[in-house]
Structure formats: structure tokens, C-alpha cells
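J.: What follows is a structure written as C-alpha cells; I'll ask about it next.
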Amino acid sequence: MRRIAGLPARLLFPPVCPSCRRLVAKPFTLCGGCWPKLRFIERPWCEVLGTPFSHEIGEGILSADAIANPPPFARARSAVAYNGVARQMVLNLKFGDRTELAPTMARWMMRPGAELLAEADAVAPVPLHRGRFLRRRFNQSAELARALCALTGRRFLPDAVARIRATRQQVGLGARQREDNVRGAFRVPPASEIAVRGRRILVVDDVYTTGTTVSAVAKALRKAGAAEVDVLTFARVLPGEPGAGEAGQGVFLPDEAGTI
């Protein structure tokens, strides 16, 4: 009965691939051409930054960047490499108003983020400045965080962190420029401090490039009294992948990451 009742909707709005928009059999599934191009990030990875290694080199091994530049967060994990298919999904969500993609992307994020989600007291998205939020009408990071909380039952804190200063788009900026761009841009509002203090907060964003944005958010949360901060993103720029020129330097990564 449910299948019959849903037939008119499927005829009027047939399911399409989230990446290339070819027709597919089920909603929110990739087509046969796009699925093999999606690169999932698998263990082994740096226990702090989540940077994948090409082979197992021992439990608890850290990347060179995590040792040389310890981040203000405890752990970072990402679901997929920011290549063509994943990049198109992020762009469709962020600039194409395809908010219906968020639950599918969140389900993929649950796999590398299972431990982080299980230990989190609450989930907070990277915020947009009010001006950009009014232009875009939604925050893609908040949509991912909301979907994760709906799937896991974690507490959703959409207003845990505020972006108090408008910043430039990070795309095209070097590592030092990115740090300068977001320095002092985030703050935990007084009304949110009680929800943050003494708790483990999971910060959610769409893409991890150099980590400067999520690091600035983590610093604001730690300053407000958060016990610990973890980071979970849908995609991550990896050295050697398209867009890696914008990634941070000095990340130790063997020849290739694990894939499925």
C-alpha cells in the first residue's frame, strides 16, 4: 500500500543520483557510474587528525603534522575524500539548496565517527555569519549536524558557537591566511555556556581542508569550558587529491589511502 501510494510522487519526482543527477532506482543512492568514484576514508589513520595511511603501521600512530602541530581538538574524522563525486555533493548541498542530501551524507559520516558520536554529549555545527546565513537561507553544517542527531539521538546545539565576525571564503587562501581569517571569529554566547561547560562537544562541518576553521571553533568551545572537542566532517581534502593544494603542509601520508 505504501509503495502504491508513493507511485505518483516517484513519477513526478523520480529519484536521481546526488552527484550527476542520473535516474536511479532508489532515492538518495549514487548511480553505478558515480559510486566507484567515491573514496571512503578507512583505517588505518592518524588517531588525532584522521589522516589515512596506506598500510597498518601500528596502533595509535600519529601523523607528522599531528606531532608537530597538535590541534586544539582531540580527534578529527571524515567520511570521504574531497574528490569529484564528494565535491559535487558538497556543492549541491551548500549552493544548490539540496538539503535533502544531508541525511545520506550524515549516514556515511556515522561510520568513521561512530566512536566520536558515542562519546559526545552534544553536537554543534560550525556556524555561519548572520549575513551569509540570510543570503544562503540555511547552514549546511547545521543540516549535517541535525541529521546526525536525528540518527543517533545526540543533543543538537545549533547555537553553541556564534560567528561574531564576517570572514572571507577560505577557498584559495594559504594556511597562514586561513588562520588570520578566522582568528577571533567565533565565540560561545553566554546563553550557551551552561550547555557547553564540562561536556564533550562534537563539531560538525562539511569539508576539512587545513583544519583552521574547526580549530578556531574548538578553541572557542574550550575557552567556554568544554571538557573536550572532537571534529567530524563529511569530506576531507587529502594530499594528492584534487584541491590538495589548499591543504596544510607537512601532513605525513603514504602513497594512497584505504578505499572501499
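J.: For the structure I just gave you, tell me whether Val204 is closer than 26 Å to Arg87 by Cα, in contact with a strand residue (DSSP E or B) (Cβ under 9 Å, 6 or more places away or on another chain), modelled with pLDDT of 95 or more and not in a strand (DSSP E or B).
T.: When the stated conditions are applied, Val204 does not pass them.
J.: Select from region 103-159 the residues that are surrounded by fewer than 22 Cβ atoms within 10 Å (Cβ to Cβ) and hydroxyl-bearing (Ser, Thr, Tyr) and write down the one among them that is farthest from Val90 (Cα to Cα).
T.: Residue satisfying both the conditions and the ranking: Thr152.
J.: Output yes when any residue across region 87-95 is out of contact with any strand residue (DSSP E or B) (no Cβ under 7 Å at 6 or more places or on another chain) and within 22 Å of Ala218 (Cβ to Cβ), and no when none is.
T.: no
J.: Something else now. Could you tell me whether region 74-85 includes any residue that is at pLDDT 95 or above, within 30 Å of Gly33 (Cα to Cα), surrounded by fewer than 22 Cβ atoms within 10 Å (Cβ to Cβ) and aliphatic (A, V, I, L, M)?
T.: no
J.: Tell me the helices (runs of 4 or more DSSP H) entirely within region 57-174 that contain at least 2 residues that are under 22 Å from Ile201 (Cα atoms) and in contact (Cβ under 8 Å) with a residue 12 or more places away in the chain.
T.: Of the helices (runs of 4 or more DSSP H) lying wholly inside region 57-174, those with at least 2 residues that are under 22 Å from Ile201 (Cα atoms) and in contact (Cβ under 8 Å) with a residue 12 or more places away in the chain span 102-110, 114-119, 140-152.
J.: Given the criteria modelled with pLDDT under 90, of a type in the set (Val, Ile, Thr) and surrounded by fewer than 18 Cβ atoms within 10 Å (Cβ to Cβ), does Ile67 qualify?
T.: No; evaluated as a whole, the condition is false for this residue.
Listed here are the residues, each with its yes/no results for (1) surrounded by 12 or more Cβ atoms within 10 Å (Cβ to Cβ); (2) at pLDDT below 85; (3) in a loop (DSSP other than H, G, I, E, B); (4) not hydrophobic (A, V, I, L, M, F, W, C).
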position: Pro8; (1), (2), (3), (4): no, yes, no, yes
position: Leu11; (1), (2), (3), (4): no, yes, no, no
position: Lys26; (1), (2), (3), (4): no, yes, yes, yes
position: Cys31; (1), (2), (3), (4): yes, no, yes, no
position: Glu42; (1), (2), (3), (4): yes, no, yes, yes
position: Val48; (1), (2), (3), (4): yes, no, yes, no
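J.: Scan region 220-231 and report the pairs whose first residue is at positive phi and whose second residue is surrounded by fewer than 23 Cβ atoms within 10 Å (Cβ to Cβ), with Cβ atoms within less than 7 Å and a gap of 6+ or a chain change.
T.: Gly225/Glu193; Gly225/Arg197; Gly225/Gly198
J.: Say whether the condition of being at pLDDT 95 or above, surrounded by fewer than 21 Cβ atoms within 10 Å (Cβ to Cβ) and of a type in the set (A, V, I, L, M) is met by at least one residue in region 228-237.
T.: There is no residue in region 228-237 that is at pLDDT 95 or above, surrounded by fewer than 21 Cβ atoms within 10 Å (Cβ to Cβ) and of a type in the set (A, V, I, L, M).
The values are calculated or read from the model by the stated rules, or taken from the named source; none is laboratory data. Here the structure is a predicted model, which is why all the values come from computation and not from measurement. All Cβ positions, glycine included, derive from the backbone under ideal geometry; neighbour counts span all protein chains shown.
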